[in-house]
1. By the scheme Lys and Arg +1, Asp and Glu -1, what is the net charge of all other residues having a beta-carbon under 13 Å from that of residue 207?
2. Rounded, prolate or oblate: which one fits the chain, using the alpha carbon gyration tensor with axes a ≥ b ≥ c (rounded when a/c is under 1.5, else prolate when a/b beats b/c, else oblate)?
3. What's the tally of Lys pairs in the range 1-157 whose alpha-carbon atoms lie under 27 angstrom apart, where the two lysines are 8 or more places apart or on different chains?
4. Any idea what the dipole of the chain comes to, in debye rounded to 20, about its Cα centre with Lys/Arg Cβ at +1 and Asp/Glu Cβ at -1?
5. Send over a whole-number figure in Å² for the accessible area per residue of the chain, probe 1.4 Å.
6. Take the alpha carbon gyration tensor of the range 1-63, find the square roots of its eigenvalues, order them as a ≥ b ≥ c, and report rounded if a/c is under 1.5; if not, report prolate when a/b exceeds b/c, else oblate.
7. Ranked from the most accessible area to the least, with a 1.4 Å probe and all protein chains present, what is the order of 253, 299, 169?
8. In the range 267-318, what is the volume of the convex hull around the alpha carbon atoms, normalised per residue and reported in Å³?
Amino acid sequence: MTASELFIKKKLDERHMAGNLRSLKPQNKLVDFCSNDYLGFAGSPVLQNKVEEEIKNNGKGSTGSTGSRLLSGNSDYALALEGYIASQHQCEAALLFNSGYDANLGLFSSLPQRGDTIITDELIHASIIDGARLSYANRYTFKHNDLQALEDKLKQAKGNCYVAIESVYSMDGDTPPIAEILNMADKYNAHLIVDEAHAVGLYGLGLIDKTLKYSIFARIVTFGKALGCHGAVVLGSALLKEYLVNFARSFIYTTAAPLHQLAAVKMAYGLLLESADQAQLLEQNILHFKQSIKDNESYPLIRSDSGIQCIVLKSNEKAKLLAQILQNNGLDVRPILSPTVPAESERIRICLHSFNTKNEITLLTDIINGFINE
């Protein structure tokens with residue numbers, strides 16, 4: 001083996017010994033309790049028909065966009081879509097990215113400069129962490145949802161300061177005190193950036209309501225969760241949009257999304273505005289799940305009102321075992337292992353959807369209760 005191959009094998013062996021070696025597996029035909037398709041849009045024939053009709057009405061176009069948006073990949077359709085999305089979220093401007101990862105990478109790597117400061121919640125998404133690492137700014141984290149810990153870091157901030165949070169956290173499913181964090185940021189002249197990836201759908205167009213939206217520096221909305229398609233958008237001022245077009249490398253140096261992807265996003269937004277009943281079904285399913293789980297101090301249910309519900313098993317082995325039992329009973333639940341989450345917080349992560357039935361949820365909770373209370 002070469003030196004590089006020996007390094008690769010060593011790292012894989014270490015992960016295997018730790019019990020958290022990942023692998024790609026075929027999709028199971030199981031009841032979905034693991035995807036982010038909260039409202040069932042990804043497989044919706046209604047949405048598919050709307051997309052087909054939209055493409056038909058706007059010319060079939062090519063299968064690809066042929067280049068970056070600064071070269072051959074831009075279109076009047078993309079520009080109009082950005083204007084439409086900005087109006088839906090009642091903000092000045094929107095800039096499309098090819099994924100939520102690209103959006104956060106571009107924003108956080110290009111905006112903060114050397115001498116500036118980025119402060120993130122300790123549970124912030126990996127895409128924001130990676131974007132911050134690519135900047136030359138000072139970086140701090142604060143204890144999850146802890147206002148005093150945030151203030152302690154704000155007192156240390158230098159230059160332009162950016163505070164980053166999620167409105168619904170992807171691994172815990174909980175929501176921070178957004179208004180209080182915004183007030184704290186304002187107190188120290190910091191700019192608040194909110195990732196709304198997991199809030200859109202259950203909470204309509206997100207948790208940044210009319211009283212907050214004009215004070216938020218930037219928002220990130222992804223389309224691969226409740227909207228059931230692909231891509232993302234950064235929402236903010238027209239000045240911020242112009243800056244990202246010129247400096248965000250994940251926007252500049254990537255091929256633009258094709259017409260089909262853009263049409264899917266537009267039609268998904270339209271369908272979301274008609275889907276209050278689906279959101280209500282999701283709320284009812286979340287309530288049914290939480291009422292059916294028995295309390296267990298040893299294996300707690302993380303407090304969350306979102307579609308993300310987690311049982312902390314505190315070891316990779318227990319998380320994998322419970323997930324396997326659930327899968328053997330036809331329920332697609334996945335374990336979340338360290339180092340994806342810190343040691344002692346290994347868990348099963350359950351994603352609830354509007355299309356899950358009460359019987360499916362009851363079977364799910366019965367099996368979990370039997371495991372954690374045996």
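1. Working: positive: 210, 213, 219; negative: 166, 174, 195, 196, 209, 305.
Spelling it out: positives minus negatives among the neighbours equals -3.
2. Details: a/c = 1.42, a/b = 1.19, b/c = 1.20.
It comes out rounded by the Cα gyration axes.
3. Details: 9/25; 10/25; 11/25; 29/50; 50/60; 143/153; 143/155.
Count of close lysine pairs: 7.
4. On the way: 36 positive and 41 negative charges, 183 e Å.
Dipole about the Cα centre, nearest 20: 880 debye.
5. Numbers: 18280 Å² over 374 residues.
Heavy-atom accessible area per residue stands at 49 Å².
6. Values: a/c = 5.33, a/b = 2.10, b/c = 2.54.
Verdict is oblate for the range 1-63.
7. 253, 299, 169
8. On the way: hull volume 5.2 nm³, N = 52.
Hull volume over Cα atoms, normalised by residue count, gives 99 Å³.
The values are calculated or read from the model by the stated rules, or taken from the named source; none is laboratory data. Since the model is a prediction, treat every value here as computed from it, not as a measurement. Methodologically, a virtual Cβ is constructed for each residue, glycine included, from the backbone with ideal geometry; neighbour enumeration extends over all protein chains shown. Quick note on the areas: whole protein, heavy atoms, side chains included, nothing else; ligands and nucleic acids left out. Shrake-Rupley method; radii C 1.70, N 1.55, O 1.52, S 1.80 Å.
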